[in-house]
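Q: Quick one: structure below, then a few questions.
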Amino acid sequence: MEGCSTATGFLHLSDDVIEEILKYSTSNSMLLSTILVAKSIYLIFQTHPRSILHSLYFYVLGPTFPQALELYNYRAFSEKKGGAIAQVAPEIDIILTARERKSIELMERRVTRLENIFSFRHIDRTSVFRRLQRQESTRFRRAVYRIMFYNCDFPVNKYPFVEEVDRDPQKEIHELREERLKRRAFFSNFSTQELLEIYTISVFLENLAHSSFKDLYDGRALDDITSLALAAGPETILRCHRSQSDDPIYDVIEELVDKLEYHPLLKDYLSYPLLKVLDEREVGPPAQGLTFWHSISTRVTGNNELCHRCNQELGFLTWTRKTWTPLSTIYGPRSRRYSAKSLHDFFPRSLWENKVESVFLRKTLEAHPDNDYLTKIMDDIYDCNLKQENYASWSRDEFLCNDCFDRFLGEHLWIWLRYVKASTGELNEDCPRGYDCEIPIEKHREQFNHLCERQSGLGAVSQEV
Ligand SMILES: [Zn+2]
Ligand SMILES: [Zn+2]
């Protein structure tokens, strides 16, 4: 090889070739072990650290690593400036400390989780791991990072709540106009195709937030908290979805309850400026229906769109035999709905107040390895003939919406727990009132089994007949 020093006598390779080889490292440890082979290889790494590390991170973190790195630097810079918008993009240094690398990896992991959810919801409901093709994945991730950049420039806590008595309508109109101009300026930097991608992903994120809050809010409050979630950012929406709760949004947004009532600067936070820019370019809003998603993937189809039992549209959680295990391990331990601590909410009537049975349930679930107890419960129900008569025709391969899955779980959880108790030999004599029993005496609850139905002709029957 002409013009290059032979760095390694025994390899007889030029510096350029060795640099290329180092660029093919697929992990930090692989790179480290290669550069420690010989001092001369180490010297080549020292001469070209940026290009080699860039290739490594690109390989390890994926094609949107540059966006992740840029966002990390931007956030770090804004934090130093006390949350002010960075006027000049900070210079990016590819040589990262271990802490910086971990932060970027975490950010990438969160975007991957969102991508998995998108893929599960819109491409393949049998796999909770992403099935997006490379180009689709790049479009998805790029759009998420752009929304995160937007959140950096227009952070939700930049807009304090103003009490009604202190409001000045003229000032508000002026602020709103100024703010909208800045937001439009942000989006005017992107091509029309990129704007459509960002809009599509903003709707995906809104739908995700909406589905996480729909059991907690309704009417206008549900719409308002959904728009605030978009201003809080994709990472907060992900946390809300995984915990199936609104706790993360309370952690992030100051004065949330007041802002839910009134905040003009957070309404249509992203859609208004984005659609305005599209309108200026004489591009109408994206078509509704399945083609709406085509800016990310043309493979989005309507297959398996409906729940096999109630025919309602399947949402973000679709339960079938193939998804019990992954969904169970993702949502089981963390969510407000399916965690070991809260699963007793699925007990019928008075049973959920019965501490003896609730504690037994929690301990049984916590003892289960890998937090995959939902799969165990569902498999036992099918394998051990625990299914109620009304559910005789249900099969574990059907696609169930979350409501139908919850109904099935609610109708069978106590039966499953009785089966577990019976198999450990701990089953006491049945209380005649069964799970309807409201006797709040601990000793009674310990003495009798309440995982059973009320016996006919007993208890409060005289009043019922
Ligand atoms: Zn259903
Ligand atoms: Zn009782």
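No value in this document is a laboratory result; all are computed from the given coordinates. Here the structure is a predicted model, which is why all the values come from computation and not from measurement. Reconstructed Cβ throughout: ideal geometry from the backbone, glycine too, with neighbour counts over all protein chains shown.
Q: Order these by the 10 Å Cβ neighbour count, fewest first: His210, His294. Kindly include the intermediate steps, with their values, before the conclusion.
A: Details: His210 19, His294 15.
Result, fewest neighbours first: His294, His210.
Q: Please compute, for the alpha-carbon atoms of the stretch 269-321, the extent along each of the three principal axes and give them in descending order in Å.
A: 47, 24, 17
Q: What are the semi-axes of the equivalent ellipsoid of the chain, taken as the square roots of 5 times the eigenvalues of the Cα gyration tensor, listed largest first and rounded to whole Å?
A: Sorted largest first and rounded, they come to 49, 33, 21 Å.
Q: For Lys39, go through the lysines and keep the ones whose alpha-carbon is under 27 Å away, minus same-chain ones fewer than eight residues off.
A: Lys23
Q: For the chain, what does the relative contact order come out to in percent, with C-alpha contacts under 8 Å and a separation of six or more?
A: 11
Q: Another question about this same structure. Taking R0 as 35 Å, what's the FRET efficiency between Leu222 and Glu194 from their Cβ-Cβ distance, rounded to 0.05?
A: Once rounded, the FRET efficiency stands at 0.70.
Q: So what is Rg over Rh here for the stretch 200-328, counting just Cα atoms and using Kirkwood for Rh? Before the final figure, lay out each step's value.
A: Numbers: Rg = 16.5 Å, Rh = 16.5 Å.
Computed over Cα atoms, the ratio is 1.00.
Q: On to the next question. Could you give me the ³J(HN,Hα) list for the stretch 143-148, computed from phi with Karplus coefficients 6.51, -1.76, 1.60 and θ = phi - 60°, whole Hz, x at Gly and Pro?
A: 5, 4, 4, 5, 5, 5
Q: In whole angstrom, how far apart do the alpha carbon centroids of the stretch 164-202 and the stretch 16-65 sit?
A: Centre-to-centre distance over Cα atoms comes out at 42 Å.
Q: Can you pick out the pairs among Lys158/Lys276; Lys80/Lys214; Lys376/Lys443 whose Cα atoms lie more than 26 Å from each other?
A: Correct reply: Lys80/Lys214; Lys376/Lys443.
Q: How many percent of the alpha carbon pairs in the stretch 266-401 exceed a separation of 27 Å?
A: 44
Q: Ignoring everything except DSSP H segments at least 4 long, calculate the 222 nm mean residue ellipticity for the chain; use -39,500 (n - 2.57) per segment, divide by total residues, nearest 500.
A: -17000 deg cm²/dmol
Q: Among Trp352, Ser342, Ile441, which residue has its Cα positioned farthest towards the positive end of the charge dipole of the stretch 321-464, with +1 placed on the Cβ of Lys and Arg, -1 on the Cβ of Asp and Glu, and the dipole taken about the Cα centre?
A: My answer, from the dipole projection, is Ser342.
Q: Where in the stretch 236-255 does the amide nitrogen come within less than 18 Å of the point 7 Å from the Cα of Glu175, taken along Cα to Cβ?
A: 253-255
Q: On average over all directions, what projected area in square nanometres does the stretch 321-464 have, based on the convex hull of its Cα atoms?
A: With every direction weighted equally, the projected area is 9.2 nm².
Q: Can I ask one more? Less than 20 Å apart at the alpha-carbon level, and either on another chain or at least 8 residues along: which aspartates and glutamates does that give for Lys363?
A: Within the straight-line cut-off, Lys363 pairs with Asp345, Glu353, Asp372, Asp379, Asp380, Glu426, Glu442, Glu446.
Q: What net charge do the residues around Glu172 carry, taking every other residue with its C-beta under 14 Å from that of Glu172, with Lys and Arg at +1 and Asp and Glu at -1?
A: Spelling it out: positives minus negatives among the neighbours equals -2.
Q: Roughly speaking, what is the stretch gain from Val162 to Cys310, that is 0.36 nm per residue apart minus the C-alpha to C-alpha distance, in nm to one decimal?
A: Result: 48.8 nm gained on full extension.
Q: Report ³J(HN,Hα) in whole Hz for each residue of the stretch 153-166, in order, from the Karplus equation J = 6.51 cos²θ - 1.76 cosθ + 1.60 where θ = phi - 60°; Gly and Pro get x.
A: Once θ is set to phi - 60°, the couplings for the stretch 153-166 become 6, 10, x, 4, 7, 6, 10, x, 6, 10, 4, 4, 5, 9 Hz.
Q: Oh, and also: Report the extension gain between Asn428 and Glu446 in nm, rounded to one decimal, defined as 0.36 nm multiplied by the number of residues separating them, less their alpha carbon distance.
A: 5.6 nm
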